[in-house]
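S.K.: Take this structure, written in structure tokens, and hold onto it; I'll ask about it next.
The values are calculated or read from the model by the stated rules, or taken from the named source; none is laboratory data. No experiment lies behind these values; they were computed from the predicted model shown. Here the Cβ positions follow ideal geometry from the backbone for every residue, glycine too, while neighbour counts run over all protein chains shown.
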Amino acid sequence: MANLETGFAGIITPNPFWLASAPPTNTGYQVMNAFRAGWGGAVWKTLGVPIVNVSSRYSAVAYKNNRMMGLNNIELITDRSLETNLKEMKEVKKKFPKNALIASMMFEKKEEWHDCIKRCEDIGIDGFELNYGCPHGVCERGMGSAVGQNPDVCERITSWVTDVATKPVIVKLTPNVTDITKPALAAQRGGANAVSLINTINSVTGVNLETMAPNPTVAGHSTHGGYCGPAVKPIALNMLAELTNHPDFKLPISGIGGIETWQDAVEYFLMGATTVQVCTAVMHYGFRIATDLNAGVSNYLDANKMKSVIELKGIAAKKLRKWQELDLNYKVIAHIDPVKCISCQLCYIACEDGAHQSIELLPNTRVPKIIEDTCVGCNLCSLVCPVESCITMVEVKTNKKKLVWADHPANQSN
Amino acid sequence: MKRNSKLEDLNKKFEKIKPQMTPSEAVVESSRCLFCHDAPCIIACPTSIDIPMFIRQIMTKNTLGSAKTIFSQNILGKSCGQVCPTSVLCEGACVYHDLNEKPIDIGRLQAYATGHAIDKNIHFFEKGKSTGKKVAIIGAGPAGLACAHELTMLGHKVVVYEANKKAGGLNMYGVAPYKFSNKDAIQELKYVSAIGFEIKTNSPIENPSKLEKEFDAIFLGAGLGGSKKINIPGEDLSGVYGATEFIYNLRDKDLKVNVGKNVVVIGGGNTAIDAAVESSLLGASVTVIYRRSEKEQTAYSFEVEHAKKHDVKFVYLTSPIEILGKKKVDGLKCIKNKLKSSSRKSEINTVKDSQFVIPCDMVIIARGQEKMIDFFKSISKLKLDDGKVVVNKDFQTTNPKYFAGGDCINGGKEVVNAVANGRDAARGIDKYLMKKK
Ligand SMILES: Cc1cc2nc3c(=O)[nH]c(=O)nc-3n(C[C@H](O)[C@H](O)[C@H](O)COP(=O)(O)OP(=O)(O)OC[C@H]3O[C@@H](n4cnc5c(N)ncnc54)[C@H](O)[C@@H]3O)c2cc1C
Ligand SMILES: Cc1cc2nc3c(=O)[nH]c(=O)nc-3n(C[C@H](O)[C@H](O)[C@H](O)COP(=O)(O)O)c2cc1C
Ligand code: SF4
């Protein structure tokens, strides 16, 4: 059986599932419950200078009857005193010495960083996460994503921390940038031992049509928030792969963003993450989802005859290429299984109105037919089909050699 | 005090079998809809409501838009949502069946959206510009009302003549109250007629030709007649009822009727089942006897299941031969049958020496309704086929001034068929009156 124990930047964790720094890690009470439920580690809710929070803090994007496709928050870092947090962190570490306990921090001045690092190390935490990601409330004060967005500042503050910290330092990156590799490389230059990504994305989830105010509202007004949950996973996976595939980037990565099931976690590992962190899914369903994360990944490793999560690392990321490197002579066309077809004809109307008019309806049957000569193999029909594996994309042998854009006759630079 | 609590009990017993959806139920259910192209449910609906569209509008909380989508095809969309045998119509065609998933609850969604507009008293259609033409409608059942509404929209002046003291036809006096109550029927009637056509109740038309002078066209939506007799001794004893008369009485008295302790219902159709369930809800112990076997029964299987849930006993391959009793019924003498073949129309043979008596104090005969042949014969040149009025595709009869639709042309189908006929007949009448091609 696979062993889920994982090493991450020198931190040994019983499994690769950590709670992200967020409301589920507000208190010692919660973190202990989480460890009991099977979480391997927790990144404590970000410590920093005193702040206060507003009332009405979250809003969500619902898609049909899916209530929380995406979650948005306008909360800040911890609103409890540093003393209280440290006291509870100490208790947690004492009761759960094997679980990874990471202190997330966000400060302005060098002395503040140094003071907090010292006090955290004194109580025996396992590492630090520098919050350069929070997109609201604090960046206006030169913290959070204001740091993550400026590689020079990112490098400088990271080095302030790494100069004094004896425990591993993880830099948490903001996705609110055009090129994620720049702040990541800056963190590496600043001496970080790892990065984690992503923090939340700048967003407004929607507008209330009755009050005509954006969500969520605080006394009639709103502010942009940070977006997370299932909807952000594709963005996070792309950023993760960009770092994984960057030749100069060497640090381990803790993947974050929309992880809810063991399948999500495996995707992150395959795209290059060593551990993963979860926030929204726990806010939605509670700590109990750890049971399935652990069992699911473990079974997947067994089925693939692998011993540990590290064997998965980056397998899929390697298959990510520039568009120019793809084979233009490869061809698939859609195939409809008439036995599985439930005759909703959604594929027909999708191709007819939204793609390449390559599906036809024939008299005396409701099963649509693919016009193979004109099908371009775009996948749309198979995506809209509500029946699993009813429409499959079948490779057609062209018997032609691989042809990339550089060599293609249509390329005008040839 | 006591009476009231009894009445409450009764109303509780006759609670809706398809209760009104809550807004959140409706949103969750509507978001399951796949929005099929050329959807099979639309094809299966006799009034061709754009079902995927109205469901989508419920999902987007455009409930009034949804109601309009329904009403523009079927102005009785509310009663249809509640009384249609959806599992053999729209829901029966839902592609989810092929996925082994529960079909979309179309009937209840439809009742939800239409109920919303009716409760808020929001109307979507107006009287058309007057054409100066006058149309008489005989019968204020679903066919007559749908026809009247459409004709009014088209600008014709309409007078509906209704024999009963309340309009609505079998929606008022026939359909089981646990599907559609008196309150529902009155509310819908008020909503539909608000467009501005006249209904004259207590106005049976004996000879339609007397209307010919005053009106430019006449629509026959008279439905069917009373319950058929079975012609066995004892049929005139007290305690013997025709099913439609029994149900008429139940609806007319708003459930406050007496029922026997032991009731036998004779027949195998949906009306027999309704009468049986209603008797059971009123407190009787009920037996249904049917001359053929369960397989040949014309009632929908979901109706039979519903009856079994209400402890209705079914005795198959049994025919009544005599109703026993002095003045009042005290038993039903029956004989066992066997079928010659397995076809629905198979010859029935009685089994020798198999007579037996079911003790009972009430017998309800549900062998179908009479056709009103004498009534239709009073109209000149009107062709009948087996008692049903013959019409062309515009619902015009063989007498060009007369049009017809509903149970009187199809021999008894569903409310939704009557609505479709009434609506289309109105368009046929318009074509005839306005000399359109
Ligand atoms: C017991 C029972 C239960 C049913 N349950 C259902 C059900 O659950 N779902 C469903 O879809 N269908 C059901 N049906 C069938 C449905 O009720 C009919 O198909 C539908 O009502 C037919 O509509 P119609 O307008 O043609 O006739 P009707 O509803 O019968 O209306 C005809 C009207 O014409 C009037 N009339 C007749 N002659 C004259 C005259 N000479 N002058 C003036 N007025 C006249 C009558 O009083 C009546 O009001 C049921 C039928 C019965 C009998
Ligand atoms: C209400 C809320 C508060 C958060 N607070 C913090 C925080 O204090 N520090 C931090 O680094 N990230 C914070 N985050 C971001 C999460 O740690 C995480 O990066 C993000 O939610 C993406 O993961 P998910 O999709 O699993 O939720 C917060 C997220 C939410 C929803
Ligand atoms: S793959 Fe694209 S082009 Fe081909 S049939 Fe499907 S939708 Fe049409």
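S.K.: Please find, within segment A:212-270, the residue that is nearest to the other protein chains (Cβ to nearest Cβ) out of those that are of a type in the set (D, E, K, R) and either farther than 20 Å from A:LEU130 by Cα or within 16 Å of ligand 1 (Cβ to nearest atom) (or both). Reasoning before the result, please.
M.R.: First pass over segment A:212-270, keeping only residues of a type in the set (D, E, K, R): A:233, A:242, A:248, A:250, A:260, A:264, A:267.
Subsequent filtering for residues that are either farther than 20 Å from A:LEU130 by Cα or within 16 Å of ligand 1 (Cβ to nearest atom) (or both) retains A:233, A:242, A:248, A:260, A:264, A:267.
On the way: A:LYS233: 22, A:GLU242: 35, A:ASP248: 47, A:GLU260: 20, A:ASP264: 23, A:GLU267: 26 Å.
Among those that are of a type in the set (D, E, K, R) and either farther than 20 Å from A:LEU130 by Cα or within 16 Å of ligand 1 (Cβ to nearest atom) (or both), it is A:GLU260.
S.K.: Going through B:GLY155, B:GLY141, B:GLY168 one at a time, which residue ends up being away from every other protein chain (no Cβ under 14 Å), touching a Gly at 6+ places or on another chain (Cβ under 6 Å), more than 16 Å from ligand 2 (Cβ to nearest atom) and under 26 Å from B:ILE273 (Cβ atoms)? Working first, answer last.
M.R.: Values: B:GLY155 fails: under 26 Å from B:ILE273 (Cβ atoms); B:GLY168 fails: touching a Gly at 6+ places or on another chain (Cβ under 6 Å).
Within the list B:GLY155, B:GLY141, B:GLY168, the selection yields B:GLY141.
S.K.: Same structure again: List the helices (runs of 4 or more DSSP H) inside segment B:18-61, counting only whole elements, that have at least 2 residues being within 13 Å of B:GLY107 (Cα to Cα) and facing another protein chain (nearest Cβ under 10 Å). Can you show your working first?
M.R.: Values: elements: B:23-30, B:40-44, B:51-59.
It comes to B:23-30.
S.K.: Within segment B:93-119, can you find the residues that are away from chain A (no Cβ under 14 Å) and without any contact (Cβ under 8 Å) to a residue 40 or more places away in the chain?
M.R.: Listed by number, the list holds a single entry, B:ASP119.
S.K.: Can you find a residue that is surrounded by fewer than 22 Cβ atoms within 10 Å (Cβ to Cβ), more than 22 Å from the chain's Cα centre (by Cα) and either of a type in the set (D, E, K, R) or not assigned by TED's automatic domain parsing to the domain that holds A:GLY133 (or both) anywhere in segment A:181-192?
M.R.: Checking segment A:181-192: at least one residue is surrounded by fewer than 22 Cβ atoms within 10 Å (Cβ to Cβ), more than 22 Å from the chain's Cα centre (by Cα) and either of a type in the set (D, E, K, R) or not assigned by TED's automatic domain parsing to the domain that holds A:GLY133 (or both).
S.K.: I need a count of the residues in segment B:157-182 that are near ligand 1 (Cβ under 9 Å from one of its atoms) and of a type in the set (D, E, K, R).
M.R.: Just the residues of segment B:157-182 that are near ligand 1 (Cβ under 9 Å from one of its atoms), to begin with: B:160-164, B:166-176, B:179-180.
Now restrict to residues that are of a type in the set (D, E, K, R): B:162, B:166, B:179.
Qualifying residue count for the region: 3.
S.K.: Among the candidates B:ASN249, B:ASN270, single out the residue that is more than 14 Å from chain A (Cβ to nearest Cβ) and either touching a helix residue (DSSP H, G or I) at 6+ places or on another chain (Cβ under 7 Å) or within 16 Å of ligand 3 (Cβ to nearest atom) (or both).
M.R.: Values: B:ASN249 fails: either touching a helix residue (DSSP H, G or I) at 6+ places or on another chain (Cβ under 7 Å) or within 16 Å of ligand 3 (Cβ to nearest atom) (or both).
Exactly one residue qualifies, and that residue is B:ASN270.
S.K.: Take the residues in segment A:382-409 that are within 14 Å of chain B (Cβ to nearest Cβ) and exposed (fewer than 15 other Cβ atoms within 10 Å of the Cβ), then tell me which one is nearest to ligand 1 (Cβ to nearest atom).
M.R.: A:GLU388
S.K.: Here is a follow-up. Looking only at segment A:325-335, decide whether some residue is more than 16 Å from A:TRP262 (Cα to Cα), away from every other protein chain (no Cβ under 14 Å) and either basic (Lys, Arg) or within 16 Å of ligand 1 (Cβ to nearest atom) (or both). Quick ask: steps written out before the conclusion?
M.R.: Filtering segment A:325-335 down to residues more than 16 Å from A:TRP262 (Cα to Cα) leaves A:325-335.
Keeping just the survivors that are away from every other protein chain (no Cβ under 14 Å) gives A:325-335.
Adding the requirement that they be either basic (Lys, Arg) or within 16 Å of ligand 1 (Cβ to nearest atom) (or both) leaves A:331.
Yes; the residues of segment A:325-335 include at least one that is more than 16 Å from A:TRP262 (Cα to Cα), away from every other protein chain (no Cβ under 14 Å) and either basic (Lys, Arg) or within 16 Å of ligand 1 (Cβ to nearest atom) (or both).
S.K.: Still on this structure, please answer the following. Which residues, counting only those in segment A:354-368, are within 14 Å of chain B (Cβ to nearest Cβ) and either touching a strand residue (DSSP E or B) at 6+ places or on another chain (Cβ under 7 Å) or not in a loop (DSSP other than H, G, I, E, B) (or both)?
M.R.: A:GLY354, A:ILE359, A:GLU360, A:LEU362, A:VAL367, A:PRO368 - these are the residues of segment A:354-368 that are within 14 Å of chain B (Cβ to nearest Cβ) and either touching a strand residue (DSSP E or B) at 6+ places or on another chain (Cβ under 7 Å) or not in a loop (DSSP other than H, G, I, E, B) (or both).
S.K.: Say whether the condition of being away from ligand 1 (no atom under 16 Å from the Cβ) and either within 14 Å of chain B (Cβ to nearest Cβ) or within 29 Å of B:ASN100 (Cβ to Cβ) (or both) is met by at least one residue in segment A:372-379.
M.R.: So far as segment A:372-379 goes, yes, one or more of its residues are away from ligand 1 (no atom under 16 Å from the Cβ) and either within 14 Å of chain B (Cβ to nearest Cβ) or within 29 Å of B:ASN100 (Cβ to Cβ) (or both).
S.K.: Say we look at segment A:7-63 and pick out the residues that are closer than 26 Å to A:PRO214 by Cβ and of a type in the set (D, E, K, R); which of these is surrounded by the fewest Cβ atoms within 10 Å (Cβ to Cβ)?
M.R.: Checking each candidate, the answer is A:ARG57.
S.K.: Also, quick follow-up: Taking the condition surrounded by 14 or more Cβ atoms within 10 Å (Cβ to Cβ), among the hydrophobic types (A, V, I, L, M, F, W, C) and within 16 Å of ligand 1 (Cβ to nearest atom), does B:CYS408 pass?
M.R.: On the way: surrounded by 14 or more Cβ atoms within 10 Å (Cβ to Cβ): yes; among the hydrophobic types (A, V, I, L, M, F, W, C): yes; within 16 Å of ligand 1 (Cβ to nearest atom): yes.
Yes.
S.K.: Residues that are over 17 Å from A:THR25 (Cα atoms): find the helices (runs of 4 or more DSSP H) completely inside segment A:77-189 holding 1 or more of those.
M.R.: Numbers: elements: A:82-95, A:110-122, A:145-148, A:151-164, A:181-189.
Because the criterion is at least 1 residues that are over 17 Å from A:THR25 (Cα atoms), the helices (runs of 4 or more DSSP H) in segment A:77-189 that meet it are A:110-122, A:145-148, A:151-164, A:181-189.
S.K.: For A:LEU101, only one of the following conditions fails: (1) free of Cβ contacts under 8 Å to residues at least 40 places away in the same chain; (2) surrounded by 18 or more Cβ atoms within 10 Å (Cβ to Cβ); (3) closer than 26 Å to A:ALA34 by Cα. What is its number?
M.R.: Evaluating A:LEU101 over (1) free of Cβ contacts under 8 Å to residues at least 40 places away in the same chain; (2) surrounded by 18 or more Cβ atoms within 10 Å (Cβ to Cβ); (3) closer than 26 Å to A:ALA34 by Cα leaves (1) as the failure.
S.K.: Given the residues B:LEU145, B:LEU154, which is the only one that is surrounded by fewer than 24 Cβ atoms within 10 Å (Cβ to Cβ) and either in contact (Cβ under 8 Å) with a residue 24 or more places away in the chain or assigned by TED's automatic domain parsing to the domain that holds B:GLY428 (or both)? Talk me through it step by step, then tell me what you get.
M.R.: Details: B:LEU145 fails: surrounded by fewer than 24 Cβ atoms within 10 Å (Cβ to Cβ).
Result: B:LEU154 is the single residue among B:LEU145, B:LEU154 that is surrounded by fewer than 24 Cβ atoms within 10 Å (Cβ to Cβ) and either in contact (Cβ under 8 Å) with a residue 24 or more places away in the chain or assigned by TED's automatic domain parsing to the domain that holds B:GLY428 (or both).
S.K.: Name the residue that is farthest from the other protein chains (Cβ to nearest Cβ), counting only residues in segment B:81-92 that are farther than 19 Å from A:CYS344 by Cα and not polar (S, T, N, Q).
M.R.: From segment B:81-92, those farther than 19 Å from A:CYS344 by Cα are B:81-85; that's our starting set.
From what is left, the residues that are not polar (S, T, N, Q) are B:81, B:83-85.
Numbers: B:GLY81: 21, B:VAL83: 27, B:CYS84: 22, B:PRO85: 22 Å.
Step by step, filter segment B:81-92, then rank; the result is B:VAL83.
S.K.: How many residues are free of Cβ contacts under 8 Å to residues at least 60 places away in the same chain and either within 22 Å of A:PRO175 (Cα to Cα) or hydrophobic (A, V, I, L, M, F, W, C) (or both) when one looks only at segment A:203-221?
M.R.: Looking only at segment A:203-221, we keep the residues that are free of Cβ contacts under 8 Å to residues at least 60 places away in the same chain, and these are A:207-214, A:219-221.
Next cut, either within 22 Å of A:PRO175 (Cα to Cα) or hydrophobic (A, V, I, L, M, F, W, C) (or both) only: A:207, A:209, A:212-213, A:219.
Within segment A:203-221, residues that are free of Cβ contacts under 8 Å to residues at least 60 places away in the same chain and either within 22 Å of A:PRO175 (Cα to Cα) or hydrophobic (A, V, I, L, M, F, W, C) (or both) number 5.
S.K.: While we're on this one: Within the bounds of segment B:184-193, is there any residue that is farther than 26 Å from B:VAL389 by Cα, among the basic types (Lys, Arg) and within 8 Å of ligand 1 (Cβ to nearest atom)?
M.R.: Scanning segment B:184-193, I find no residue that is farther than 26 Å from B:VAL389 by Cα, among the basic types (Lys, Arg) and within 8 Å of ligand 1 (Cβ to nearest atom), so the answer is no.
S.K.: Report, ordered by the first and then the second residue, all pairs with beta carbons closer than 8 Å, sequence separation of six or more or different chains, a first member in segment A:7-33 that is more than 11 Å from A:ALA100 (Cα to Cα), and a second member that is modelled with pLDDT under 95 and assigned to a strand (DSSP E or B).
M.R.: Cβ pairs passing all conditions: A:SER21/A:ASN131.
S.K.: Applying the selection to segment A:330-357, what residues are surrounded by 17 or more Cβ atoms within 10 Å (Cβ to Cβ) and within 21 Å of A:LYS400 (Cβ to Cβ)?
M.R.: Residues satisfying the conditions are A:ILE333, A:ALA334.
S.K.: Do you know which residues across segment A:34-62 are closer than 15 Å to A:TYR227 by Cα and assigned to a strand (DSSP E or B)? Full working, then the answer.
M.R.: Taking segment A:34-62 first, the residues closer than 15 Å to A:TYR227 by Cα are A:57-62.
Within segment A:34-62, A:TYR58, A:SER59, A:ALA60, A:VAL61, A:ALA62 meet the criteria.
S.K.: Also: Does segment A:345-353 include one or more residues that are of a type in the set (S, T, N, Q) and within 11 Å of chain B (Cβ to nearest Cβ)?
M.R.: First, pick out the residues of segment A:345-353 that are of a type in the set (S, T, N, Q): A:345.
Pick out the ones that are also within 11 Å of chain B (Cβ to nearest Cβ) and you get A:345.
Yes: segment A:345-353 contains one or more residues that are of a type in the set (S, T, N, Q) and within 11 Å of chain B (Cβ to nearest Cβ).
S.K.: Go through segment B:102-124 and give me each residue that's among the acidic types (Asp, Glu) and in a helix (DSSP H, G or I). Show your work before the answer.
M.R.: Applying the first criterion (among the acidic types (Asp, Glu)) to segment B:102-124 yields B:105, B:119.
Passing the criteria: only B:ASP119.
S.K.: Which of the residues that make up segment B:80-94 are β-branched (Val, Ile, Thr) and under 12 Å from B:ILE51 (Cβ atoms)? Steps first, answer last, please.
M.R.: Going residue by residue through segment B:80-94, those that are β-branched (Val, Ile, Thr) are B:83, B:86, B:88.
If the condition is that a residue be β-branched (Val, Ile, Thr) and under 12 Å from B:ILE51 (Cβ atoms), then B:THR86 is the only one that fits.
S.K.: Right, another one. Would you call A:MET143 away from ligand 3 (no atom under 16 Å from the Cβ), away from chain B (no Cβ under 14 Å) and on the phi > 0 side of the Ramachandran plot? Even if it seems obvious, please write down each step before you answer.
M.R.: Numbers: away from ligand 3 (no atom under 16 Å from the Cβ): yes; away from chain B (no Cβ under 14 Å): yes; on the phi > 0 side of the Ramachandran plot: no.
In short, no.
S.K.: Also: Quick check on this structure: which one of B:ALA146, B:ALA167 is in a loop (DSSP other than H, G, I, E, B) and within 21 Å of B:GLY221 (Cα to Cα)?
M.R.: Details: B:ALA146 fails: in a loop (DSSP other than H, G, I, E, B).
None of the others qualify; the one that does is B:ALA167.
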